[in-house]
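Q: The structure that follows is given in the form of structure tokens.
The values are calculated or read from the model by the stated rules, or taken from the named source; none is laboratory data. Since this is a predicted model, take the numbers as computed values, not measurements. Cβ: placed from backbone, ideal geometry, glycine included. Neighbour counts: every protein chain shown. We work out accessible area using only protein heavy atoms, side chains counted, and drop any ligands, DNA or RNA first. Shrake-Rupley method; radii C 1.70, N 1.55, O 1.52, S 1.80 Å.
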Protein chains: 2
Amino acid sequence: MSGERIFARYRIETALEPEHAAEVMAGEQSTGTFIKVPGETDELREHHAARVERIEERESTDRPSLPGAAKSKTEPAVYRCAHVTLSWPISNMGPSLPNLLATVAGNLFELKPFSGLKLLDVTLSPAFLSRYQGPQFGVAGTRRFAGVSDRPLIGTIIKPSVGLTPQATAEMVQALVDGGIDFIKDDELQADGPHCPFSDRLREVMKVINRHTDKTGRKPMYAFNITGEIDDMLRRHDEVVDAGGTCVMVSMNSIGLPALVALRKRTQVVIHGHRNGWGIYDRSPAIGMSYIAYQKFWRMAGVDHMHVNGLDNKFCEDNASVIASAKECLKPMFAPPLPGCEIMPVFSSGQTARQAADTYKALGTTDLIFACGGGIMGHPDGIAAGVRSLRQAWDAAVNGIPTEEFAKDHRELAVALRKFA
Amino acid sequence: MSGERIFARYRIETALEPEHAAEVMAGEQSTGTFIKVPGETDELREHHAARVERIEERESTDRPSLPGAAKSKTEPAVYRCAHVTLSWPISNMGPSLPNLLATVAGNLFELKPFSGLKLLDVTLSPAFLSRYQGPQFGVAGTRRFAGVSDRPLIGTIIKPSVGLTPQATAEMVQALVDGGIDFIKDDELQADGPHCPFSDRLREVMKVINRHTDKTGRKPMYAFNITGEIDDMLRRHDEVVDAGGTCVMVSMNSIGLPALVALRKRTQVVIHGHRNGWGIYDRSPAIGMSYIAYQKFWRMAGVDHMHVNGLDNKFCEDNASVIASAKECLKPMFAPPLPGCEIMPVFSSGQTARQAADTYKALGTTDLIFACGGGIMGHPDGIAAGVRSLRQAWDAAVNGIPTEEFAKDHRELAVALRKFA
């Protein structure tokens, strides 16, 4: 571990010289403060100061993206953008994700020299592998649990998101498994509210799934939303395992990294990471944390799946960003022979049979979960037809047959394409 | 609990009619999805749909604050801003902070109708008091531990932030307690790195503090940064208690709500909540979560102190926002006879003797921690003089004597005012 360094890359926007602004960041996040103090000796700085590794200047802008920053003194005003890479000795914080977060994404977003500051990427050192377990199941384990080897897992979200009773949820699950679904998830709004208690929902749903498994030999994966306090999450996890379930879901931003690490230590099933609230981090180009940086923390902590939105989604994220995120989930974090900690990207949000071909073309693999709520439940011929339309759309995509062409003799697909035009 | 509702207020910016945009938010975060699905019956909506309670239109703008939103179709373009209040039945999520967060700050920041969306406030219902403990010590308990009844706690942060050995830290603590300090905290960058292991730092620092207590009868409070994984935090907490310490510190954004709740269940000492990384949430007016909303989650979960920046700080936050935040910490979350869950605001960041008078004038109370790093360590006559300058500045403020006037016969204050001019 000794000598290892952590790297973080940022986009900054500043009225200062980018070199000077980068030094302010490095000082604030290691040995410095707003005034020189006696204890900050040269030796201490040499061993513990963050270093500015690289500065690449980018486009500049004539008005500050965020309020409160030091003003441009030039006329016309210029706020200069740059990508800045800093590094820290790991001895400053040790291989600890919470302490790393306080270092690379702590008290710097509000610093006065910056009218924009966003964490774009972070590079963890191998020391983290000595303390964290990373994903336990990832792509291969998920495929094994779900019994799907050669195509994406076709998934869905229970809709309406909230309001269904445990029995009504189980009835929907019955229709979905009858229709051939691979993966089902609770909505992130559905947890353990009094109208649909977790244990009751689990019991009713697993009755259906276990019966289906006995009959067909294949067990669709259901991601039960266990998000909550730690003891509750661990208890719910154990209940899922006891009931024969294969996946638990958590809202990552609601639980935080240490709770996920505690769950990862205990879990015998796949952890499905829902990123709801992620827009706070990544929607603005001026502030926050990119998905590329964000997902590394959660992968190291132990999620097996992470959401990436989908092509032509109902949110603001553009398609290039969606695909970059998905590719990143599948990219090793460490070079062999160290574990790569790859995870399975989850496509969702307004997904229907329409997006299968382009998704496959852009991603170049079927290692993904393709989750459709309305795209299944909203199929005019019902849930089973909705599921079949998606299987058909992916069959077409993988076999290089244009979707419209394939739809000519696949009725459910044809109906879906008309409905979701 | 039955019938209780949760309220959340947002600032939105949209090219749509605000009424329509608000309905989209309410639908997404309760029973709806992007398409009508069969299970969303009128009865289910009646019991579980979020309600639009209030819309107040504000200023509009001619360009969208965030990219990716639905475009304005009018010429010239208009993006309309409004404050929107939504409410949810608590039966949707139960009194659970993580599930509440997924509901009021989940998958909505990226919705296409919005070129801006920020959570401004949230109102918890009393049901949360049945499940959460809130702050254990707050203002009164902090004062009791620290032995300070009638003025702010004068505090400091150990600087340099990282790089000092346990012994060097203890030497600094010795100078600080000799100088009359009330409160000392680790920097948030200092946790349990190999260059300054937590247990060694605790042992060396508490030796100094316990010796000082034996001699003077007063125990300055030291906030040991226990931020890390849950087991580590609980173990470090226990070590602090065993060593006679009175406070632990956590970086809230690094640990998440459930870890704090677990700590709150165990703690016998004050929990100091550091908000580093908060700029991601609140710096942009267009996106994120205001401090007013943010602090309610953490108070309910159990922190006793929370950072609010300080007047004329080194960050971008303006003074009005700092004071509004501090006042909010001191404002009850529930009406009597329910507990108010008030906490102690922590002023910090570039604070010196200069800001005491204005802080007291604006806040109208001494129920705060006034933490100065450079403002103490950077005093030309040393640490003890730095501490004395702050005590003098607050004496002047509370007694209504102009600082410059009081400085005439208080040398340390006079030197501080010259140094930090």
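Q: Across the stretch A:244-255, which residue is nearest to the other protein chains (Cβ to nearest Cβ) among those that are in contact (Cβ under 8 Å) with a residue 60 or more places away in the chain and in contact with a Gly (Cβ under 9 Å, 6 or more places away or on another chain)? Working first, answer last.
A: In the first step, residues of the stretch A:244-255 are kept if they are in contact (Cβ under 8 Å) with a residue 60 or more places away in the chain; the result is A:246-247, A:249, A:251.
Still in the running and in contact with a Gly (Cβ under 9 Å, 6 or more places away or on another chain): A:249, A:251.
Numbers: A:Met249: 11, A:Ser251: 4 Å.
The residue in question is A:Ser251.
Q: Taking the stretch B:285-314, which residues are away from chain A (no Cβ under 12 Å), more than 30 Å from B:Arg58 (Cα to Cα) and part of a loop (DSSP other than H, G, I, E, B)?
A: Once the filter is applied, which keeps residues that are away from chain A (no Cβ under 12 Å), more than 30 Å from B:Arg58 (Cα to Cα) and part of a loop (DSSP other than H, G, I, E, B), the stretch B:285-314 yields B:Val303, B:Asp304.
Q: Is there any pair with a first residue in the stretch A:179-202 that is more than 10 Å from chain B (Cβ to nearest Cβ) and a second that is of a type in the set (Lys, Arg) and open to solvent by 10 Å² or more (accessible area, probe 1.4 Å) whose Cβ atoms are under 8 Å apart and which are 6 or more apart or on different chains, and what are they?
A: The qualifying pairs are A:Gly179/A:Arg388; A:Gly180/A:Arg388; A:Gly180/A:Arg391.
Q: Could you grab me the full set of residues in the stretch A:210-233 that are open to solvent by 30 Å² or more (accessible area, probe 1.4 Å) and under 26 Å from the mean Cα position of the chain (by Cα)?
A: Hits for the stretch A:210-233 are A:Lys219, A:Asp231, A:Asp232.
Q: Taking the options B:Ile376, B:Ile343, name whichever one is at pLDDT below 95 and among the β-branched types (Val, Ile, Thr). Outline the logic, then answer.
A: Working: B:Ile343 fails: at pLDDT below 95.
Result: B:Ile376 is the single residue among B:Ile376, B:Ile343 that is at pLDDT below 95 and among the β-branched types (Val, Ile, Thr).
Q: Just checking, which of A:Ala102, A:Ala146, A:Ala170, A:Ala175 is surrounded by fewer than 19 Cβ atoms within 10 Å (Cβ to Cβ) and among the small types (Gly, Ala, Ser)? Talk me through it step by step, then tell me what you get.
A: Details: A:Ala102 fails: surrounded by fewer than 19 Cβ atoms within 10 Å (Cβ to Cβ); A:Ala146 fails: surrounded by fewer than 19 Cβ atoms within 10 Å (Cβ to Cβ); A:Ala170 fails: surrounded by fewer than 19 Cβ atoms within 10 Å (Cβ to Cβ).
One residue alone meets the criteria, A:Ala175.
Q: Any residue in the stretch A:106-117 that's without any contact (Cβ under 8 Å) to a residue 60 or more places away in the chain: show its pairings with residues that are aliphatic (A, V, I, L, M) at Cβ separation under 9 Å, as long as the two are six or more apart or on different chains.
A: Close Cβ pairs (under 9 Å, with a partner that is aliphatic (A, V, I, L, M)) amount to A:Glu110/A:Leu117; A:Lys112/A:Val24; A:Lys112/A:Ala69; A:Lys112/A:Ala70.
Q: Among what's in the stretch A:5-29 and is surrounded by fewer than 23 Cβ atoms within 10 Å (Cβ to Cβ) and within 26 Å of the chain's Cα centre (by Cα), pick the residue that is farthest from A:Asp121 (Cα to Cα).
A: A:Arg5
Q: Mind checking which residues of the stretch A:78-111 are touching a strand residue (DSSP E or B) at 6+ places or on another chain (Cβ under 7 Å), facing chain B (nearest Cβ under 7 Å) and part of a helix (DSSP H, G or I)?
A: A:Pro98, A:Ala102, A:Thr103
Here's the yes/no breakdown for (1) in contact (Cβ under 8 Å) with a residue 24 or more places away in the chain; (2) within 13 Å of chain A (Cβ to nearest Cβ); (3) within 18 Å of B:Asn99 (Cβ to Cβ):
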site: B:Asp121; (1), (2), (3): yes, no, no
site: B:Leu129; (1), (2), (3): yes, no, yes
site: B:Tyr132; (1), (2), (3): yes, yes, yes
site: B:Phe137; (1), (2), (3): yes, no, no
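Q: Now for a separate question. Tell me, which helices (runs of 4 or more DSSP H) lie completely within the stretch B:350-405 with 2 or more residues that are touching a Lys or Arg at 6+ places or on another chain (Cβ under 9 Å) and crowded, with 20+ Cβ neighbours inside 10 Å? Spell out how you get there, then give the answer.
A: On the way: elements: B:356-363, B:374-377, B:383-398.
Fully inside the stretch B:350-405 and qualifying: B:374-377, B:383-398.
Q: Could you list all residues from the stretch A:192-209 that are open to solvent by less than 10 Å² (accessible area, probe 1.4 Å) and in contact with a Phe, Trp or Tyr (Cβ under 7 Å, 6 or more places away or on another chain)?
A: A:Leu202, A:Val205, A:Ile209
Q: Just one of (1) more than 24 Å from the chain's Cα centre (by Cα); (2) assigned by TED's automatic domain parsing to the domain that holds B:Gln268 trips up B:Glu110, so point out which.
A: (2)
Q: Given the criterion under 24 Å from B:Pro285 (Cα atoms) and surrounded by fewer than 24 Cβ atoms within 10 Å (Cβ to Cβ), identify the matching residue among A:Pro95, A:Pro76, A:Pro67. Outline the logic, then answer.
A: Values: A:Pro95 fails: under 24 Å from B:Pro285 (Cα atoms); A:Pro76 fails: under 24 Å from B:Pro285 (Cα atoms).
Every option except A:Pro67 fails the conditions.
Q: Same structure, new question: Would you call A:Ser65 within 13 Å of chain B (Cβ to nearest Cβ) and farther than 22 Å from B:Asp187 by Cα?
A: Details: within 13 Å of chain B (Cβ to nearest Cβ): yes; farther than 22 Å from B:Asp187 by Cα: yes.
When the stated conditions are applied, A:Ser65 passes them.
Q: Still on this structure, I have one more. Kindly list the number of the only condition in (1) open to solvent by 30 Å² or more (accessible area, probe 1.4 Å); (2) touching a strand residue (DSSP E or B) at 6+ places or on another chain (Cβ under 8 Å) that fails for A:Phe114.
A: (1)
Q: Specify which of the listed residues (B:Lys265, B:Lys331) is more than 20 Å from A:Ala102 (Cβ to Cβ), in a loop (DSSP other than H, G, I, E, B) and not polar (S, T, N, Q). Can you show your working first?
A: Numbers: B:Lys265 fails: in a loop (DSSP other than H, G, I, E, B).
One residue alone meets the criteria, B:Lys331.
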